[in-house]
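Here's the structure we're looking at; comments come further down.
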Amino acid sequence: MVDLTGKVAVVTGAGGVLCSVLAKALASSGAKVALLDLNEEACHTVARQIVADGGQAQGYVCNVLEKAALEKVCQSIMKEWGSIDILVNGAGGNHPRATTNDEYYDRQAPADSNFFDLDPQGVEFVFSLNFMGSFLPSQVFAHEMKEGSTIINISSMNAFTPLTKIPAYSAAKASISNFTQWLAVYFAKAGIRCNALAPGFFATSQNARLLFNENGEPTPRLEKILAGTPMARLGKPEEIVGTLLYLVDEKASGFVNGVVIPIDGGFSAYSGV
Ligand SMILES: NC(=O)c1ccc[n+]([C@@H]2O[C@H](COP(=O)([O-])OP(=O)(O)OC[C@H]3O[C@@H](n4cnc5c(N)ncnc54)[C@H](O)[C@@H]3O)[C@@H](O)[C@H]2O)c1
């Protein structure tokens with residue numbers, strides 16, 4: 001049982017599938033939770049659900065790529081709740097314009113969305129959302145953090161070994177694992193720890209297009225993923241919660257700093273043979 005009473009948590013991307021579950025778990029453990037998301041409806045809905053369940057939460061419509069907007073939210077949180085103890089950098093994702101159609105280059109195939117056709121702006125969007133979208137909130141919110149605070153980034157399986165088709169997302173998530181180590185070192189003497197969760201494969205809105213056909217049948221890609229996951233199933237969002245609570249709990253993980261923990265049913269441990 002992790003007791004976060006008196007702590008204030010900021011969760012970005014909190015209206016999304018995984019981070020709404022993480023935000024609710026922090027609130028159930030006693031934290032006051034600020035939910036940041038571009039999607040107004042989503043962040044306010046999750047905040048209302050937390051409050052209805054007896055927790056404390058406030059939704060903020062905020063783009064993690066706009067520093068001035070983050071600073072405004074930060075000032076509001078400090079005024080309202082007086083501290084920032086936990087930051088979960090959850091906003092992130094891929095974009096179709098940074099995704100190749102094929103896994104392997106075929107010189108004969110029509111050139112529509114092979115590597116040479118990828119839109120530089122799509123690639124920049126993905127880098128920006130995943131890297132700057134964690135960098136800027138860390139700059140803004142960690143500035144207010146006292147000793148004993150923690151930052152949690154969200155990395156991915158792509159960071160260990162890139163997945164086919166999504167070069168920008170893979171490289172951007174590798175940058176998140178790297179940045180997690182950098183922050184852990186930089187803030188170590190200030191008493192702020194930084195670690196990352198690396199979820200394996202979870203069925204969510206952003207990967208639905210790659211995992212399921214329009215009729216709901218698994219795509220060949222999902223079949224490959226399941227074959228590469230020794231536990232042979234997708235993860236459930238609630239299965240990330242225990243690792244988050246462990247990492248934010250000073251008593252449980254006070255000497256754990258700069259790690260990236262896979263939550264993946266064994267995917268990253270399996271060579272396929
Ligand atoms: N779903 C998976 O299987 C999986 C696996 C590994 C890592 N991840 C990572 O976990 C995190 C959460 O993913 P998810 O699957 O819950 O995604 P999701 O799409 O359900 O949620 C992402 C949320 O971020 C918000 N968002 C997007 N851009 C934003 C911006 N610029 N500013 C503020 N909010 C913004 C969206 O509105 C959305 O609510 C992401 O970083 C993702 O890359 C997901």
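Where a number appears in this text, it was derived from the coordinates with a stated rule and is not lab data. Since this is a predicted model, take the numbers as computed values, not measurements. Reconstructed Cβ throughout: ideal geometry from the backbone, glycine too, with neighbour counts over all protein chains shown.
A few comments on the model shown:
- Residue count, the stretch 227-273 (criterion: within 17 Å of A203 (Cα to Cα) and of a type in the set (S, T, Y)): 1
- Against the conditions (1) among the charged types (D, E, K, R); (2) more than 16 Å from the ligand (Cβ to nearest atom); (3) within 23 Å of I261 (Cβ to Cβ), D112 satisfies every one except (3).
- Hey, L87 among the hydrophobic types (A, V, I, L, M, F, W, C) and over 27 Å from F255 (Cβ atoms) or not: no
- K173 part of a helix (DSSP H, G or I), in contact with a Ser or Thr (Cβ under 6 Å, 6 or more places away or on another chain) and among the charged types (D, E, K, R): yes
- Scanning the stretch 1-38 for residues that are charged (D, E, K, R) and within 16 Å of the ligand (Cβ to nearest atom) yields K24, D37.
- Taken over the stretch 123-151, the criterion of being surrounded by 24 or more Cβ atoms within 10 Å (Cβ to Cβ), β-branched (V, I, T) and away from the ligand (no atom under 11 Å from the Cβ) is satisfied by T150, I151.
- Residue match in the stretch 41-60 (condition: touching a Pro at 6+ places or on another chain (Cβ under 8 Å) and either more than 26 Å from N207 (Cα to Cα) or touching a residue at least 60 places away in the same chain (Cβ under 8 Å) (or both)): no
- Residue list for the stretch 157-191, filter: under 24 Å from G265 (Cβ atoms), charged (D, E, K, R) and away from the ligand (no atom under 11 Å from the Cβ): K165
- Residue in the stretch 60-71 that is over 15 Å from G133 (Cα atoms) and surrounded by 15 or more Cβ atoms within 10 Å (Cβ to Cβ) present: yes
- Residue count, the stretch 194-225 (criterion: surrounded by 15 or more Cβ atoms within 10 Å (Cβ to Cβ), part of a helix (DSSP H, G or I) and within 13 Å of the ligand (Cβ to nearest atom)): 5
- Extreme residue, farthest from A25 (Cα to Cα), among residues of the stretch 226-241 that are within 16 Å of the ligand (Cβ to nearest atom) and not in a loop (DSSP other than H, G, I, E, B): L226
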